[in-house]
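The values are calculated or read from the model by the stated rules, or taken from the named source; none is laboratory data. The shown structure was predicted, so the numbers you read here are calculated from the model rather than taken from an experiment. Please note: Cβ atoms are built from the backbone with ideal geometry, for glycine as well, and neighbour counts cover all protein chains shown.
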Amino acid sequence: EAQVTQNPRYLITVTGKKLTVTCSQNMNHEYMSWYRQDPGLGLRQIYYSMNVEVTDKGDVPEGYKVSRKEKRNFPLILESPSPNQTSLYFCASSWDPSSYNEQFFGPGTRLTVL
Amino acid sequence: AQSVTQLDSHVSVSEGTPVLLRCNYSSSYSPSLFWYVQHPNKGLQLLLKYTSAATLVKGINGFEAEFKKSETSFHLTKPSAHMSDAAEYFCVPNNQGGKLIFGQGTELSVKP
């Protein structure tokens, strides 16, 4: 089944404790992206990747890191999480970033930073 | 960059009645537009997409949308609402570079 998977689905952590949210897709997509969703703010892009070893900042990259060592994986790293990073996170992928290709979304990771 | 306005933050309908979720876009050229749906505690799922091939686009679960250039609109409709349609709906332009710009969305409630 074609899908985007994220782990963990739920995470409660404390300020400053490094964490990684994994994202994996099995559709051989070139493009991958991370979004966060907050009440009243909609979804905002954090980082994206056009292909392996190519990443770039989205609208809200502060406090986050990403890497793209393999085509299928695009982990999101919070080196020192803070409470303002409490949010619902979505990973997405698509064949390429042209305007005609829809993005496929993972199920989301709900992160709480205390 | 393209942008959209979803004219209603919340829409409430009765089961079996028509659904209309309004979306207007702002662009100097025909954009690529998607409608996504997000059910409670779930990820986003593509309902349908407009890519200039046809102005009337049919999607999943009986939804459809019509691209009207003269009105710069891409409203989402369904003839008969079902309880399972209760969700958040997003009209999203896809700018070159893969950036999806999400607005506030429209929350659809369906009353029995």
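Residues in the range A:22-47 that are facing chain B (nearest Cβ under 8 Å) and either without any contact (Cβ under 8 Å) to a residue 24 or more places away in the chain or in a loop (DSSP other than H, G, I, E, B) (or both): how many?
Residues that pass the stated criteria total 4.
Look at the range A:21-42 and say how many of its residues are closer than 17 Å to A:Pro83 by Cα, surrounded by fewer than 16 Cβ atoms within 10 Å (Cβ to Cβ) and modelled with pLDDT of 95 or more.
Number of matching residues: 0.
Using the structure shown, decide if A:Ile77 is modelled with pLDDT of 95 or more and either more than 30 Å from B:Asp8 (Cβ to Cβ) or loosely packed, with under 14 Cβ neighbours inside 10 Å (or both).
It is true that A:Ile77 is modelled with pLDDT of 95 or more and either more than 30 Å from B:Asp8 (Cβ to Cβ) or loosely packed, with under 14 Cβ neighbours inside 10 Å (or both).
Being touching a residue at least 12 places away in the same chain (Cβ under 8 Å), within 9 Å of chain A (Cβ to nearest Cβ), assigned to a strand (DSSP E or B) and surrounded by 17 or more Cβ atoms within 10 Å (Cβ to Cβ) narrows it down to one residue among B:Phe67, B:Phe102, B:Phe74, B:Phe90; which is it?
Only one candidate qualifies: B:Phe90.
Across the range A:96-108, what is the number of residues that are out of contact with any Ser or Thr (no Cβ under 7 Å at 6 or more places or on another chain) and either more than 10 Å from every other protein chain (Cβ to nearest Cβ) or surrounded by fewer than 16 Cβ atoms within 10 Å (Cβ to Cβ) (or both)?
2
Quick check, is A:Gly63 without any contact (Cβ under 8 Å) to a residue 40 or more places away in the chain, more than 10 Å from the chain's Cα centre (by Cα) and within 11 Å of another protein chain (Cβ to nearest Cβ)? I'd like the intermediate steps shown before the answer.
Numbers: without any contact (Cβ under 8 Å) to a residue 40 or more places away in the chain: yes; more than 10 Å from the chain's Cα centre (by Cα): yes; within 11 Å of another protein chain (Cβ to nearest Cβ): no.
No, not satisfied.
Within the range A:79-95, count every residue that is within 22 Å of B:Leu100 (Cβ to Cβ) and away from chain B (no Cβ under 14 Å).
Here the count works out to 1.
Check whether at least one residue in the range B:23-43 is more than 14 Å from the chain's Cα centre (by Cα), more than 10 Å from chain A (Cβ to nearest Cβ) and assigned to a strand (DSSP E or B), and report yes or no.
yes
Considering the range B:17-38 alone, what residues qualify as being more than 20 Å from B:Pro93 (Cα to Cα) and either surrounded by 12 or more Cβ atoms within 10 Å (Cβ to Cβ) or modelled with pLDDT under 95 (or both)?
B:Thr17, B:Val19
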